[in-house]
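Notes to accompany the following structure.
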Amino acid sequence: SGLILPETLVIDAKSGTTGAGKKAEERLLHAEVDGGCFPYRIGRHQHAPEIRQYAKVFAGVEIDPLLTTHILNIRRGIIAGIYARLAPGARGRLKAVFDEAYAGDPLTETIELTPTNESHVLNLRRLAGTARTRIAFKESDDGKLYLFSMIDNLMKGAASQAVENFNRLIGLPAWTTLVEMEGVI
């Protein structure tokens, strides 16, 4: 929607050990990561080309963000902090853009951050076992965007994503059974 200056884009993503890929490596075992947090694949992350490609496909914008990924000492969950400067005239328009983009999608929550909700909203444990994506954001007075995208990588990043794709394939709404089964999963 042209709300950010693409050349200022920074992505700082953190993943639980189950999100670090399926190849067994000693350094990625939960027992090795426990008690720590460390960056990996600095400047060469395998998802960087996809990020650039889909920004072009869906937004018509070429980006080359600074991207760093980290392993957290948790088993499941991914939180990506995405930072950029707002484009001139963009301030105050984010909520309306997110509300329109995700209207009618019960698997995506968009939340404007406040000092009183940050610790609750940005807690990965609150998404564990769900098929939801949470997008939380805050605009600063000096024109900066702080955005956080959160998922349970074993659900939204794997199992429930497969269900969503199957639902689309057979002509059902993507969230069919996923919202109803949330308490069971």
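The values are calculated or read from the model by the stated rules, or taken from the named source; none is laboratory data. Every value quoted in this text rests on a predicted model; they were computed, and no experiment measured them. Cβ coordinates were reconstructed from backbone atoms using ideal geometry, including for glycine residues, and neighbour counts include every protein chain displayed. The protein model used for the area step is the full one, side chains on, heavy atoms only, and it has no ligands, DNA or RNA in it. Shrake-Rupley method; radii C 1.70, N 1.55, O 1.52, S 1.80 Å.
A few comments on the model shown:
- Measuring nothing but protein heavy atoms, the accessible surface of region 71-114 at 1.4 Å probe radius is 53 percent carbon and sulfur.
- Options (1) 1.14; (2) 0.94; (3) 1.07 - which one matches Cα Rg over 2.2 N^0.38 Å as calculated here: (3)
- For region 119-136, Karplus couplings with θ = phi - 60° (6.51, -1.76, 1.60), whole Hz, Gly/Pro x: 5, 6, 5, 8, 9, 4, 4, 6, 9, 4, x, 10, 9, 8, 10, 10, 10, 10
- The chymotrypsin sites (Phe, Trp or Tyr not before Pro) found in region 100-185 that occupy coil by DSSP, while having at most 15 further C-beta atoms within 10 Å, are Y102.
- Solvent accessible area, Å² - T133, 1.4 Å probe, full protein context: 20 Å²
- Think of it as helices only: each DSSP H run of n ≥ 4 in the chain is worth -39500 (n - 2.57), and spread over all residues that comes to -5500 deg cm²/dmol at 222 nm.
- Accessible area (Å², per residue) of the chain, counting only protein heavy atoms and a probe of 1.4 Å: 59 Å²
- Dipole-positive endmost among I51, V121, P6 within the chain (Cβ charges, Cα centre): I51
- Between R168 and D64, the contour length at 0.36 nm per residue exceeds the Cα-Cα span by 34.4 nm.
- Linear extension gain, D34 paired with E7, 0.36 nm per residue minus alpha-carbon span: 6.2 nm
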